[in-house]
Amino acid sequence: MRGRPRGILLTLFLLWLVVYPLLMVVLDSVRGPSGWSLAQVAEFGRTPEEWQALWGSLWISMVSVVFAGAIGIPLAFVFERMEFPGRRILGALVALPAVLPPLVGVMAFLFLYGESGFLSRIVKGAFSLEDAPWRLAGAPAILLVHAYSMYVYFYLFTRAGLAKVDSSMIEAAQSLGASRSSTLFRVTLPLLGPQIIAAALLTFMTSLGSFSAPYIFGGGFRVMTTQIVSTKLNGNDAMAMVETVALAVVALVGLALFRWTSSERSVAAVGKGAPPARKLEQPVARWLAAVVGWAVAVVVLLPHATLILISFVPMRTWTTQLMPPVYTLGNYGALIREPERLRPLINSLWMAVVATVAALAVALWAGRAIVRRRVRLARVIDILTNVPWAVPGTVLAIALATTFSVNAPWAGRWVLVGTFFILPLAYLIRNIPLTAGPVIAGFRQLDPGLDEAAASLGASRWATLRRVTMPLLRPALLACGALAFATAVGDFVTSIVLYTFETRPISVEILSALRQNDIGIAAAFGVVLMLVSAGAMAVGTSR
Amino acid sequence: MTFLQVVNLTKRFDEQFAVRDVTLGVTRGTVLALLGPSGSGKTTTLRLLAGFERPDTGQVLVDGVDVTAETPVSRRFGMVFQHYALFPHLNVGENVGFGLSGRSPEARRARVAEVLALVDLAGFEARAVSELSGGQQQRVAVARALAPEPRVLLLDEPLSNLDPSLRERTRRELRAALDKAGVTTVFVTHEQDEAFALADRVAVLRDGRLEQEGTARELYDMPATLFVATFVGRASILRGTLIAADRARLAEGVEWPVRPSSNVRQGGPVNVVVRPEAVRFAPAGLPGVVTECRYTGARAFFQVEVAGGTVELEAPIDGARVGDPVFLTVSSAHAFPVEP
Amino acid sequence: MPKTLSRVLLGATLFALACGGSKGPTPLVVYSPHGRDQLTLMEKTFEAANPDIDVRWLDMGSQDALDRVRSERANPQGDVWFGGPSTLFIRAAADSLLVSFVPTFAAATPERARGAGGFFHAVYETPTVIMYNSDAVKAADAPKDWDEVLAPRWKRKVLIREPFGSGTMRTIFGLLIQRGMKSPTDTGPGFQWLRRLDAQTKEYVLNPALLDQKMVRQEGVISLWDLPDILQEQKKGSPLGYVFPSSGTAVIEDCIAIIRGAKHLAAAKRWVEWVGSQQGQLLTARDMMRLPSRTDIPDDSLPDWVKMVRAEMKVAPMDWSLLADRGADWMTYWDRNVRGKGR
């Protein structure tokens, strides 16, 4: 089996899918009106605002990692290691920012913490202020949104890691005389290293590609994602390509650095499992923990509540009042009654399903190739499935729009822009790293003998996949499939560039509703997205 | 009549021979053991038979038909894996019925019950695999492999995962099941006891080569090579010269009778292999000093240091004490000359 | 595994085809910034008279529309681009993105409404005005001209629509830059003025809806915006007022054009003709506060506001080609050297 050039088809497919479009963008960035030219690149290098935008993207991402970690890691410890009333339900509620797609979350923040949002109005009223107490704009606003939506990565990853840390290691440290805090810093946290690094990577990449928050709250604050869009809107396509390449380079360097760091320190802690949660003995402490827990949950759920509330508010009935004066079901009625509003809902759902199924298929294909058949290109395939991590949505959208607006089948290019293939394709590419990682890991844990056993019992490859591999990978497939589905269904960044009439998704419809000042409709769409994501997550975590 | 045949089978991994020019035959309905230390190529041979690996050269024939190019799926061989590879998401009945997908549900249920009864697990259909003991899991694996009525049954170290206390019983049960099923069987083991107890014939492999193939008795009594002699049963080796077809001269001019053999050139150097039960203390013979004495009930194993090596022998416990100078003689039936 | 993948892709294709491939009326895809209300109204009215055409509009900013038409050049998906200032259409025509088509109503419009080469035509005139919150600011106190917006009392009370995605804002900025010009390269005074405006500006607002919302909620009380939007908001009860700048205002020629490579050319022509017909112009004038570009509609059928606006409005002279040509550079310069620098 070895020595034969297996995996070439998969490698070529992934190259075409994730690398080729990026290459086209790189080529376009050094192509002038008359042949090759570095003029645009030089222009980029000369312009301080471009560097400002690049630096803005970078430091926002790094600070987002710090903030999200500072919130998520302690929360994980509290909910994993302390026993108090309501721990289970609160522990689940705290993860709920994950069900708010980026655009929807930003919208909820606007109505909640924006200048004329609930909270601002309340504070303004309570202290009889002349003006709104704060402005939700610029870097602080972006960081607030990022910290809120991304601490979940740290929270979930750390909890998962804590659940696996061997209790005997903690006991060993304590028997060696280490205090509780030195056990934490010298044993527990280092053991959690891989999980924390993974969460940091996810946060960093998501922040770097974050579009909705800077788009809506950025004001004059420059980050690369919004810079690319405004350059493109201004008609300077070549410069937009250079900016796209610059952002992609930063992202790829980031990915490489993170991977290098995590390969330096892969600590495997396999053992008898985590110690049970510590029951807080003193009633005061228990209740204090519970109160803090509920308070955190309330803060976390405020955006969701805001969104639900707004979705019942008819258009233009809420102006300067503290709370909206009228509530009806009209907005939801409009979603169902008006076919042109229902259509985006159906579009988003089918495209997300197709993209998710395809991404799972690619993941299974890659998992089989890497783990089972140990093809020579395994490393390459592994890296290729990770590349879309490092490609911010804006970059991917522009890359696809560039690559697939030309008909050159011999070069692997077809006109897909403006057809209904392009959005599912974009979602698929963004979903590949989400599905490939867990599925490959799942394959590694499967006994290879099971495949051979099935083969020796007369099961074909397809039957083995269906009857053995997929049922065994079911938890991983469900979990990453749900995540991929939720990501695709809530996608805004790539959709806004690539949608057509046939494929306009919910997020574009939300933006359109916002353009019309139909905040109730926008919120109703947001609530639907939130429920769909929550449903998917519930399926994904069911065992 | 030879049912399964292996002809000049060779397989290399990264320029390293795993199996080298192995030729073997198995008679229909009999059991062959592939015996060898780890790295001897026995598992690779089994996997080549199963079709999980493709040979570089050579053929596998079933009933005279070449199946070398066929996939594991189309060979219709049953396989029992070392770690059983039971599907953890299926219960016992579903595991055993896995290979019966072509049949009607009733036929399937009947066949599952039949093979489960064969391995003495009747009524276990609904049990979860994780609830079973190691021995039961092993028998489920055998039942699963037997259910589709394979042409050949292959077993990879079938007993190695069991507690030593369980092994003997399971071995007997396995042999009984194989006899009842009457299927042509090849299994891999590194334990000589297991090979002898389960198999009709044993093939000894070393470094990818077939050293010798035969019944247990043939291997024990007439080892073809030094390796077989020492790997199969206990043996001591003494260097000497073959002075006649049935005599070897050892150190200090002592001459011992050996079994006549055509393998060794007369007058040339020879290794004389002796089984412990063939050596006796005697008033005269090969001189040596007892260095160790291990009691096993009424008899004991003695280690005797002689010129040019150590000889192990079995004798009544009062035969000698550690430190005694002794003389050794041998019965020619259990002393074989082997080419050095 | 490749088999699995191909099955999935095949399934997806069939599903998509099942969803997309409907027989029946000719679909007509319209890219337009005119908003759901107006587009729905026009779609219903038009389809009632033309049952063989199914109008499918996509709501997007006018800059977005240009960007989209440009990126779909190889495989155009839209048929008609409906709405946006002539500056954008001039650029689109220069990039060969449009089809030349002279509709019958062209003769009934003033010279300034006819695009060069017949590639596009103005169907509405959109005057830009100073907007204020009429709850917070009395009509008498509102700025009467552009320069009064710079008065200290409006410091940090001005909201400006984020100009990059907005044809309206680009036109207003273009006027403000051109006002101070003595030669086509003399942009200094204009940018100096915009720098002072930046100092007055509390926030650049992402889209028109947010602008209206923030104005209504009094997050800011003064803005520069277009008249039809304000009139529509007024009709819905929003407390917004407007002033025509006394020194003259930019009137945006709001155009329509057929996209080159349109798949439904005949239907596109019928739509363009209908939008510019007396019936179509009156519909949008009455219900959507769009100022008709054609001048041959009898006075007695026009709504009162049209007559009032036509009487009140003073059109400032503008070099539209210069704006179309230099506009992008001006915006880049503004973005790099003016935005946020007045603080």
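Read-outs throughout are calculated quantities, based only on the coordinates presented, and are distinct from any laboratory measurement. Computed from a predicted model, the values in this text were never measured in an experiment. Neighbour counts run over all protein chains shown; Cβ positions are idealised from the backbone, glycine included.
Per 5 Å bin, what percent of the C-alpha pairs of the stretch B:2-226 does each bin hold, from zero upward?
Binned Cα distances yield the sequence 1, 7, 15, 19, 19, 16, 12, 7, 3, 1, 0, 0.
What does the average come to when, for each residue of peptide A:233-243, you count the partner chain Cβ atoms lying within 10 Å of its Cβ?
The shielding value for this peptide is 4.
For the stretch A:440-483, just run the numbers: alpha carbon Rg, then divide by 2.2 N^0.38 Å, N being how many residues it has.
1.19
To make sure I understand the rule: partners must be lysines, Cα under 21 Å from the Cα of C:LYS341, and not fewer than 8 residues away in the same chain. Which ones qualify?
Result set, ordered by chain and number: C:LYS155, C:LYS157, C:LYS202.
Looking at A:LEU511, B:THR45, C:THR26, which one has the Cα that reaches farthest to the positive end of the dipole of the protein assembly as shown (charges on Cβ: Lys, Arg +1; Asp, Glu -1)?
Value computed over the given set: B:THR45.
Could you tell me the distance between the Cα centroids of the stretch B:65-117 and the stretch A:239-260, to the nearest Å?
52 Å
Find out how many positive minus negative residues lie around A:LEU498, taking Lys and Arg as positive, Asp and Glu as negative, among other residues whose Cβ is under 11 Å from that of A:LEU498.
With Lys, Arg at +1 and Asp, Glu at -1, the net is 0.
Relative contact order for chain B using alpha-carbon pairs under 8 Å, separation at least 6, rounded to a whole percent?
With pairs under 8 Å counted, the relative contact order is 16 percent.
Of A:TRP134, A:LEU450, A:ALA147, whose Cα points farthest to the positive end of the dipole of chain A (charges on the beta-carbon: +1 Lys, Arg; -1 Asp, Glu; origin at the Cα centre)?
The residue sitting farthest along the positive end of the dipole is A:LEU450.
Under 22 Å between alpha carbons, and skipping anything fewer than 8 positions from C:LYS269 in its own chain: which lysines qualify?
List returned: C:LYS23, C:LYS44.
State the answer as a single residue: which of B:VAL326, B:THR291, B:GLY309 lies farthest towards the positive end of the charge dipole of the stretch B:234-338, with beta carbon charges of +1 for Lys and Arg and -1 for Asp and Glu, about the Cα centre.
About the Cα centre, the residue reaching furthest to the positive side is B:GLY309.
If you add up the charges near A:MET107, with Lys and Arg at +1 and Asp and Glu at -1, over every other residue whose beta carbon is less than 13 angstrom from its beta carbon, what do you get?
Charge balance near A:MET107 sits at -1.
Any idea what the relative contact order of the stretch B:228-286 is, in percent, if you count C-alpha pairs under 8 Å spaced at least 6 apart? Don't skip to the end; give the middle numbers.
Values: 88 pairs, mean separation 22.1, N = 59.
It comes to 38 percent, rounded to a whole number.
Would you order C:LYS138, A:LYS232, C:LYS263 from fewest to most other beta-carbon atoms within 10 Å of each residue's own beta-carbon?
C:LYS138, C:LYS263, A:LYS232
Please state the charge dipole magnitude for the stretch C:283-343, taken about the Cα centre, from unit charges on C-beta atoms (+1 on K and R, -1 on D and E), reported in debye and rounded to the nearest 20.
460 debye
When the gyration tensor of the protein assembly as shown is built from Cα positions, what are the square roots of 5 times its three eigenvalues, in whole Å, from largest to smallest?
Semi-axes (√(5λ), whole Å): 82, 33, 27.
Apply the Debye scattering formula to the stretch A:50-104, with a single equal point scatterer on each alpha-carbon and no solvent, then give log10 I(q)/I(0) at q = 0.21, 0.29 Å⁻¹.
Each listed q corresponds, in turn, to -0.88, -1.09.
What does the charge dipole of chain B about its Cα centre add up to, to the nearest 20 debye, if the Cβ of each Lys and Arg holds +1 and the Cβ of each Asp and Glu holds -1?
Details: 38 positive and 41 negative charges, 101 e Å.
Charge dipole, chain B, about its Cα centre: 480 debye, nearest 20.
Would you mind working out the magnitude of the charge dipole of the stretch B:234-338 relative to its Cα centre, with +1 at each Lys and Arg C-beta and -1 at each Asp and Glu C-beta, to the nearest 20 Debye? It would help to have the intermediate numbers written out before the result.
Working: 11 positive and 10 negative charges, 63 e Å.
Dipole magnitude for the stretch B:234-338 comes out near 300 debye.
Please work out the Cα center distance from the stretch B:255-322 to the stretch C:69-135, rounded to the nearest Å.
For the stretch B:255-322 versus the stretch C:69-135, the Cα centre distance is 111 Å.
Using Cα positions and a limit of under 22 Å, work out the lysines in reach of B:LYS42, with same-chain residues fewer than 8 apart set aside.
Hits, sequence-local ones excluded: B:LYS11.
Can you tell me, using C-alpha contacts under 8 Å and at least 6 residues apart, the relative contact order of chain A as a whole percent?
22 percent
Could you check how many percent of all C-alpha pairs in the stretch C:114-206 are farther apart than 20 Å?
Result: 46 percent of Cα pairs exceed 20 Å.
Take the alpha carbon gyration tensor of the stretch C:236-343, find the square roots of its eigenvalues, order them as a ≥ b ≥ c, and report rounded if a/c is under 1.5; if not, report prolate when a/b exceeds b/c, else oblate.
Details: a/c = 2.16, a/b = 1.24, b/c = 1.74.
Judged from the Cα gyration tensor, the stretch C:236-343 comes out oblate (a/c at least 1.5, b/c at or above a/b).
Quick one: net charge around B:ASP56, please, counting Lys, Arg +1 and Asp, Glu -1 for every other residue with C-beta under 9 Å from its C-beta. Don't jump to the answer; show the numbers that get you there.
Numbers: positive: B:LYS11, B:ARG12, B:ARG54; negative: none.
Combined, the nearby Lys, Arg, Asp and Glu give +3.
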